[in-house]
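The structure under discussion appears below in the form of structure tokens.
No value in this document is a laboratory result; all are computed from the given coordinates. Source: prediction; values computed, not measured. Methodologically, a virtual Cβ is constructed for each residue, glycine included, from the backbone with ideal geometry; neighbour enumeration extends over all protein chains shown.
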Amino acid sequence: MSRGIPRRSVLAAGTAAAAVAATGSLTATPAAAAPTLPNGTSLDKVLVIGMDGLRHDRITAAKAPHLKSLMANGTYGTSLLYANPMAATSSGPGWSTISTGVWPDKHGVRDNSFTGKNYAKYPGFLARLAQVRPGLSTYAAVDWKPLDTQGTVTPGADAKLVLDGDADGYTGHDATIATETESVLRYQNPDVLFVYFGNTDIVGHNSGAASPKYLEAIDVQDGYVGRLLAAIKARPTYASERWTVIVTTDHGHTDAGGHGGSAIEERRTFILARGPGIAAGARPVDTRLVDVAATVFKQLGITPDPAWGLDGKPVQERSTDPFDALQTSLSARVDETGIPAGVLGFTHTAPSGWSVINNAMGTGGMTEWRGWSFATDEFWSRTQRDQSRELNVRARGVFAVADSDEWADKAFSGTYDSTLVTPAYAVGGKATVKLDFTTFYRQEGSQSAQILASWNGGTPVAVTSYTSDVISQPQSLTLNVPSGATSVSFRFRYTGSNNWYWVIDGVKITAA
């Protein structure tokens, strides 16, 4: 396909650096070295800015006026990453998750070796756009080479700026990327851009996320964000365009510096988005890192094909999960000692219409986990690191958890036996009823996990059970509606004794 302009244009590192050295900054004419893009075809436009290793809680401590303005005028959601054995909290898995919109158990990248990558089935959003909307003008600028050489981000881009690493790190490259992207925004007509700034990660490694230098690095990158935003507003066609700006990161950093492990600080990620249909000042609890790609598609008016297998959803679309309504009711720790006192993350109070039956529940044990509880990822995964709780990636916001392992960390007697009960749903005149939910289950010893159905309030009947691990996966169960049945409720019964756990989230019941 030809539009009179070469596609897949690449700007070499040396050329870009020479242009910056010669001009210092953009003048009234475009920088000669800027890559040439085909003319854009859409009034809906998206700029994705990736900031490597930017721990979101440190933005608050920095000046960062442009990021903070985006937060005030856009939607800002934070969440935690996986950890091993699903994937390390490193850049390869992180950027793959952002670009593809699926978790590592799908895209296959578990560390920076990229062994097992499955981009053929789960391509990055630029590659996907090249397939479904080839008329869009797309651009990528990166200086961590695997984002290009491994096929993580740049495939599908009409033009790309790829810079090589050098002994001076990434500081100069961030400046070059900002300058060339500013030129593209001011003087050309792109539709979708991915821009990578890496110095926050380098400074995080060298000085630690708790250091003043890390805050300075955030402020410098914030300045680049400001320049890109100004370039968008300076476009002569800006008034007729609908711009979305998304800022995100691939992983966090420890205070001392470093990532790859399972510490909360290493797992911190965020998505910050401003654009049409995206609420100003919103702080959703149900955001996940896989939501970047889905948001790009949404803002371009593209409905993802279910065959794409995306795990994400647009950041402006809220979950209908009843457990998320408990967010304002969450409490601080009681018996747990490894969770900071200021983290509000659990309750035993079920959502409206739901209930928990603990008639056969043992006594004693950890208060937080006596029977089915409702908790957040940060609260629950802090209870004990490296017992796979970090793999609960498909749960969002608040979820239900039965954890006999943590319950048994304090003196107890009897058996863990607790049942979570849904409201009754009308099924009169329907042939089938479908139960959809997300589950994360680890099997050990004699523990059991059953789902039971109660028709018209009658005796619950077991309809399925779990006897082996299910690591954070969507589930769907369809039942025939018995003759004369007008309602059904479901029960999730877990029994055990110092065994593992069962997580339920995103419960949806539909009759047809």
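The stretch 92-138: D in µm²/s via Stokes-Einstein (Kirkwood Rh, Cα pairs, 25 °C, 0.890 mPa s)?
Numbers: Rh = 10.8 Å.
The estimated diffusion coefficient comes to 226 µm²/s.
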Amide H proximity to ASP335 below 5 Å, modelled H, separation 5+ or other chain, gives THR367, GLU368
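Above 22 angstrom, tally the Cα pairs of the stretch 304-429 and express them as a % of all pairs, no decimals.
Working: 3383 of 7875 pairs.
The proportion of pairs with Cα distances above 22 Å equals 43 percent.
Find the Rg to Rh ratio for the chain, where Rh is the Kirkwood radius over alpha-carbon pairs and Rg uses the same atoms. Could the numbers behind the result be given before it?
Details: Rg = 24.6 Å, Rh = 24.2 Å.
In the chain, Rg relative to Rh is 1.02.
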Principal axis lengths of the stretch 322-511 from Cα atoms, whole Å, largest first?
52, 33, 27
What dipole magnitude, in Debye to the nearest 20, does the stretch 322-511 give about its Cα centre under +1 on Lys/Arg Cβ and -1 on Asp/Glu Cβ?
580 debye
Tell me which residues come under 5 Å, amide H to amide H, from ASP409 once H is placed; ignore anything under 5 positions away on its chain.
MET366
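Using DSSP H assignments, which helices in the chain have an axial alpha-carbon span of 20 Å or above and a mean Kyte-Doolittle hydropathy of 1.6 or higher? Spell out each step's value before the answer.
Working: long enough: 171-187 (24 Å, -0.44); 212-233 (32 Å, 0.13).
Taking the DSSP H segments of the chain (at least 20 Å long, mean hydropathy at least 1.6), we get none.
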Which lysines, on any chain, are close to LYS410 with Cα under 21 Å apart, when same-chain ones fewer than 8 places away are left out?
none
Over the chain, what is the percentage of antiparallel beta bridges among all DSSP beta bridges, to the nearest 5?
70 percent
Near LYS145, which lysines are there with a Cα under 20 Å away, not counting those fewer than 8 places off in the same chain?
LYS117, LYS160
Partner lysines for LYS313 [C-alpha distance under 21 Å; skip if fewer than 8 residues away on the same chain]:
LYS45, LYS106, LYS121, LYS298, LYS508
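Calculate how many DSSP beta bridges within the stretch 28-308 are antiparallel, expressed in % of all such bridges and rounded to the nearest 5. Write down the numbers at each step before the final one.
Numbers: 10 of 32 bridges.
Here the share of antiparallel DSSP bridges comes out near 30 percent.
Taking the Cα centre of the chain as origin and charging only Cβ (+1 Lys, Arg; -1 Asp, Glu), how large is the dipole, in debye to the nearest 20?
Values: 44 positive and 47 negative charges, 295 e Å.
It comes to approximately 1420 debye.
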Amide H contacts under 5 Å for VAL463, restricted to residues at least 5 apart in sequence or on another chain and with H modeled in the peptide plane, are ILE451, LEU452, ALA453
Would you work out which of ILE177, LEU43, PRO304 lies farthest towards the positive end of the dipole of the chain, given +1 charges on the beta-carbon of Lys and Arg and -1 on that of Asp and Glu, about the Cα centre?
LEU43
